[in-house]
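K.L.:
The structure under discussion is supplied below as structure tokens; questions concerning it will follow.
The values are calculated or read from the model by the stated rules, or taken from the named source; none is laboratory data. Remember, it's a predicted structure, so these values are computed and weren't measured experimentally. We place every Cβ from the backbone using ideal geometry, glycine too, and count neighbours over all the protein chains shown. The protein model used for the area step is the full one, side chains on, heavy atoms only, and it has no ligands, DNA or RNA in it. Shrake-Rupley method; radii C 1.70, N 1.55, O 1.52, S 1.80 Å.
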Amino acid sequence: MNAYEVLKERGFIEQLTHEEEIKALFEKGGVTFYIGIDPTADSLHVGHFLTVMAMAHMQRCGNRPICLMGGGTGMIGDPSGKADMRKMMTVETIDHNVACIKKQLSRFINFDEGEGGAIIANNADWLRNLNYIEFLREIGTHFSVNRMLAADCFKTRMDRELGLSFLEFNYMIMQGYDFYELNKRYNCMLEMGGNDQWSNIIAGVELIRRKAQKPAYGMTFKLLTNSEGVKMGKTVSGAVWLDPEKTSPYEFYQYWRNVADADVMKCIRMLTFLPLEEIDEMAKWEGSQLNKAKEILAYELTNLVHGEEEAKKAQEGARALFAGGADTAHMPTTELADEDFSEEGTIDLISMLVKAGMVPTRSEGRRAIEQGGVSIDGEKITDVKYTVAKDALTGDGVVLKKGKKKFNKVLAK
């Protein structure tokens, strides 16, 4: 199969600018394409992972990826899908984040020099030193403000009290210019990204077609959402990161092991390299077999992101806990500081649940305890005023459990 067929079969494709032309382009192969990543943090998270996998599938089908780091656009911040303006970052922070993300990408994308090797580019190279007047005359004349204001990425912000800053309004023009630059430098003909990037991608396609009189195309992917339409990759304690220092391999494994039954096959199809024939057979599984599918998903993804050794450790730790075992070696751990304890040297159970990131609020912690869903070292606790002494949390600490699947080892520093 060519790349278009692979992406279609695996469920990636949401929108295309010129479907028949793109199909013909992919049949020939050897397409140079790009996906942009703004360095808003020093690690990729699960939300990025879908586009990274799409890039990897494209490369495996003989196409050449350009991973565009947003060292320039990161200084503005993409307003797409954001209710408020992003926090402004220093140049030093942006450059540090770019270096970290480059390292992570090399686990999934082949950057070896040669005809098919991926390219790392940074739009800081052409955006940070632009002459504003020249840029407006050369590029700004190709953008209609009326069209821009109608774009979905701006609508949410325009309706809010804070509105849209002029700084952010420039983001679409900058992203369109990125595509134009990559087309000039590398004959890049296709921009790909999440569906929230549709308006920005169209801006680049139209700029190249108008200014350079050359073919250019856009493709968006479905966002990684669950069966209820909610974005995946978030937990009570925050984003699920690819950096093991931010999200441990065990926590990463557990996130995928606990996906809903309705989501497991979609995730296997989009986020692993398992053969489609094998996945089609798994799609027939029902009931308890879906737990096996979730184990496969969790293992495959942890193996991809953290390596085989960490994947095996996480799987063994998770199986031991599900079986009621006492192996806590790979369990997520929360260390409580002195200030977390009262003057009497105790901490209440609700606070422990919040500190461990197992509930978002105290009221939800109270509810979980009252409903009999919380235990410490296997003993169910239903008293909402229950406290634990600091002495009990020294050494190996205790295993705090909420529901059937959430475990956390809590100990005092």
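K.L.:
What number of residues within segment 99-109 satisfy the criterion of being within 19 Å of residue 50 (Cα to Cα), part of a helix (DSSP H, G or I) and hydrophobic (A, V, I, L, M, F, W, C)?
P.N.:
Total meeting the criteria: 3.
K.L.:
Here's a follow-up. I'd like to verify a number: residues in segment 251-281 that are part of a helix (DSSP H, G or I), buried (at least 19 other Cβ atoms within 10 Å of the Cβ) and of a type outside the set (Lys, Arg), how many?
P.N.:
12
K.L.:
Out of the residues in segment 353-364 that are in a helix (DSSP H, G or I) and out of contact with any Pro (no Cβ under 9 Å at 6 or more places or on another chain), which is surrounded by the fewest Cβ atoms within 10 Å (Cβ to Cβ)?
P.N.:
So, considering only residues that are in a helix (DSSP H, G or I) and out of contact with any Pro (no Cβ under 9 Å at 6 or more places or on another chain), the one surrounded by the fewest Cβ atoms within 10 Å (Cβ to Cβ) is 363.
K.L.:
Of the residues that make up segment 335-352, is at least one of a type in the set (Gly, Ala, Ser), open to solvent by 70 Å² or more (accessible area, probe 1.4 Å) and at pLDDT below 90?
P.N.:
No, segment 335-352 contains no residue that is of a type in the set (Gly, Ala, Ser), open to solvent by 70 Å² or more (accessible area, probe 1.4 Å) and at pLDDT below 90.
K.L.:
Restricting to segment 194-236, name every residue that is hydroxyl-bearing (Ser, Thr, Tyr) and open to solvent by 10 Å² or more (accessible area, probe 1.4 Å).
P.N.:
Those that are hydroxyl-bearing (Ser, Thr, Tyr) and open to solvent by 10 Å² or more (accessible area, probe 1.4 Å): 199, 217, 225, 227, 235.
K.L.:
Give the number of residues within segment 52-64 that are open to solvent by less than 20 Å² (accessible area, probe 1.4 Å) and either closer than 29 Å to residue 169 by Cβ or among the small types (Gly, Ala, Ser) (or both).
P.N.:
Total meeting the criteria: 4.
K.L.:
Against the definition (open to solvent by 40 Å² or more (accessible area, probe 1.4 Å) and of a type in the set (Ser, Thr, Tyr)), how does residue 248 come out, yes or no?
P.N.:
No: the conditions fail for residue 248.
K.L.:
With open to solvent by 50 Å² or more (accessible area, probe 1.4 Å) and at pLDDT below 90 as the only criterion, which of 401, 409 stands out?
P.N.:
Checking each option against the conditions leaves just 401.
K.L.:
Looking at (1) among the acidic types (Asp, Glu); (2) part of a helix (DSSP H, G or I); (3) crowded, with 16+ Cβ neighbours inside 10 Å, can you tell me which one residue 191 breaks?
P.N.:
In the conditions (1) among the acidic types (Asp, Glu); (2) part of a helix (DSSP H, G or I); (3) crowded, with 16+ Cβ neighbours inside 10 Å, residue 191 misses (2) alone.
K.L.:
If I ask for residues that are in contact with a helix residue (DSSP H, G or I) (Cβ under 8 Å, 6 or more places away or on another chain), closer than 26 Å to residue 258 by Cβ and not in a loop (DSSP other than H, G, I, E, B), which ones from segment 365-396 would you list?
P.N.:
Hits for segment 365-396 are 365, 366, 368, 369, 374, 376, 388.
K.L.:
Now for a different question. Hey, any hits in segment 378-398 for a residue that's on the phi > 0 side of the Ramachandran plot, modelled with pLDDT of 85 or more, small (Gly, Ala, Ser) and open to solvent by less than 70 Å² (accessible area, probe 1.4 Å)?
P.N.:
Looking for residues that are on the phi > 0 side of the Ramachandran plot, modelled with pLDDT of 85 or more, small (Gly, Ala, Ser) and open to solvent by less than 70 Å² (accessible area, probe 1.4 Å), one finds none in segment 378-398, hence no.
K.L.:
Go through segment 68-78 and report how many residues are surrounded by fewer than 22 Cβ atoms within 10 Å (Cβ to Cβ) and outside any loop (DSSP other than H, G, I, E, B).
P.N.:
Going through segment 68-78 one residue at a time, the tally reaches 1.
K.L.:
Hey, another quick one. Do we find that residue 321 is over 26 Å from the mean Cα position of the chain (by Cα), open to solvent by less than 20 Å² (accessible area, probe 1.4 Å), hydrophobic (A, V, I, L, M, F, W, C) and modelled with pLDDT under 80 in this structure?
P.N.:
Spelling it out, residue 321 is indeed over 26 Å from the mean Cα position of the chain (by Cα), open to solvent by less than 20 Å² (accessible area, probe 1.4 Å), hydrophobic (A, V, I, L, M, F, W, C) and modelled with pLDDT under 80.
K.L.:
Go over the candidates 125, 112 one by one and state the one that is under 25 Å from residue 66 (Cβ atoms), assigned to a helix (DSSP H, G or I) and either open to solvent by 70 Å² or more (accessible area, probe 1.4 Å) or modelled with pLDDT of 75 or more (or both).
P.N.:
After applying the criteria, what remains is 125.
K.L.:
Residue check, residue 299 against (1) open to solvent by less than 20 Å² (accessible area, probe 1.4 Å); (2) in a helix (DSSP H, G or I); (3) in contact with a Phe, Trp or Tyr (Cβ under 8 Å, 6 or more places away or on another chain); (4) free of Cβ contacts under 8 Å to residues at least 60 places away in the same chain, all met but one. Which one?
P.N.:
Evaluating residue 299 over (1) open to solvent by less than 20 Å² (accessible area, probe 1.4 Å); (2) in a helix (DSSP H, G or I); (3) in contact with a Phe, Trp or Tyr (Cβ under 8 Å, 6 or more places away or on another chain); (4) free of Cβ contacts under 8 Å to residues at least 60 places away in the same chain leaves (1) as the failure.
K.L.:
Now a separate question. How many residues does segment 25-51 hold that are of a type outside the set (A, V, I, L, M, F, W, C), open to solvent by less than 10 Å² (accessible area, probe 1.4 Å) and under 22 Å from residue 246 (Cβ atoms)?
P.N.:
2
K.L.:
Please identify the pairs in which a residue from segment 380-398 that is closer than 16 Å to residue 356 by Cα has its Cβ atom under 6 Å from the Cβ atom of a residue that is open to solvent by 40 Å² or more (accessible area, probe 1.4 Å) and assigned to a loop (DSSP other than H, G, I, E, B), counting only partners at least 6 apart or on another chain.
P.N.:
Qualifying pairs under 6 Å: 398/377.
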